[in-house]
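Student: Before we start, here is the structure in question, set down as structure tokens.
The values are calculated or read from the model by the stated rules, or taken from the named source; none is laboratory data. Being a predicted model, the structure only gives us computed values, none of them experimental. We place every Cβ from the backbone using ideal geometry, glycine too, and count neighbours over all the protein chains shown. Ligands, DNA and RNA are excluded from the accessible area calculation, which covers all protein heavy atoms including side chains. Shrake-Rupley method; radii C 1.70, N 1.55, O 1.52, S 1.80 Å.
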Amino acid sequence: MKKIAFAALCVLLALCLTACFGKGGNVDGATTREVESEIYSQEEIAAAIDAVKREFKRSWSGCTLKEIEYAGDEESRKDEAFLKRHGADEAIVLLSSFHVDESGGDGSLNANYTYENWSWILVRANGGAWRLVDFGY
């Protein structure tokens, strides 16, 4: 009897942990639009988009990414203040839209709402990997 109770407790604990950690956000079906740039190649922009998608998939439970694209050279030049603060020499700004389900994501977002023009700011040093340093409106 003790073994059955222990097994049931283990199953219950596993279910609770799964519910707490969630599965992250949904990036399947997210569209991108190619935006011309004098600063970055399409491969560099795609790498930044991939970095945001990884973060979104990992941490944005209850959210579905709809669109993501490069905000343009002018926007990326505006955020050079992030460079010194984050020890980087390049910054890139992406814009996205995403939908939040009835759960409200992590509780800080509006439930059943689609956010538009949500920005993501990433930096890198010496042509390395993009690092997400800020996001929001």
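Student: Would you point out the residue of the range 92-112, among those that are touching a Cys at 6+ places or on another chain (Cβ under 6 Å) and assigned to a strand (DSSP E or B), that is surrounded by the fewest Cβ atoms within 10 Å (Cβ to Cβ)?
Tutor: VAL100
Student: Just to verify a result, which residue in the range 113-131, among those that are in contact with a strand residue (DSSP E or B) (Cβ under 7 Å, 6 or more places away or on another chain) and open to solvent by 60 Å² or more (accessible area, probe 1.4 Å), is farthest from ALA71 (Cα to Cα)?
Tutor: Applying the first criterion (in contact with a strand residue (DSSP E or B) (Cβ under 7 Å, 6 or more places away or on another chain)) to the range 113-131 yields 113-124, 130-131.
Those left that are additionally open to solvent by 60 Å² or more (accessible area, probe 1.4 Å): 113, 116-117, 131.
Numbers: TYR113: 22, GLU116: 13, ASN117: 9, ARG131: 17 Å.
Filtering the range 113-131 for residues that are in contact with a strand residue (DSSP E or B) (Cβ under 7 Å, 6 or more places away or on another chain) and open to solvent by 60 Å² or more (accessible area, probe 1.4 Å), the one farthest from ALA71 (Cα to Cα) comes out as TYR113.
Student: Could you name every one of the helices (runs of 4 or more DSSP H) located completely within the range 1-88 that has at least 1 residues being more than 20 Å from TRP130 (Cα to Cα) and either open to solvent by 30 Å² or more (accessible area, probe 1.4 Å) or modelled with pLDDT under 85 (or both)?
Tutor: So the answer is 2-21.
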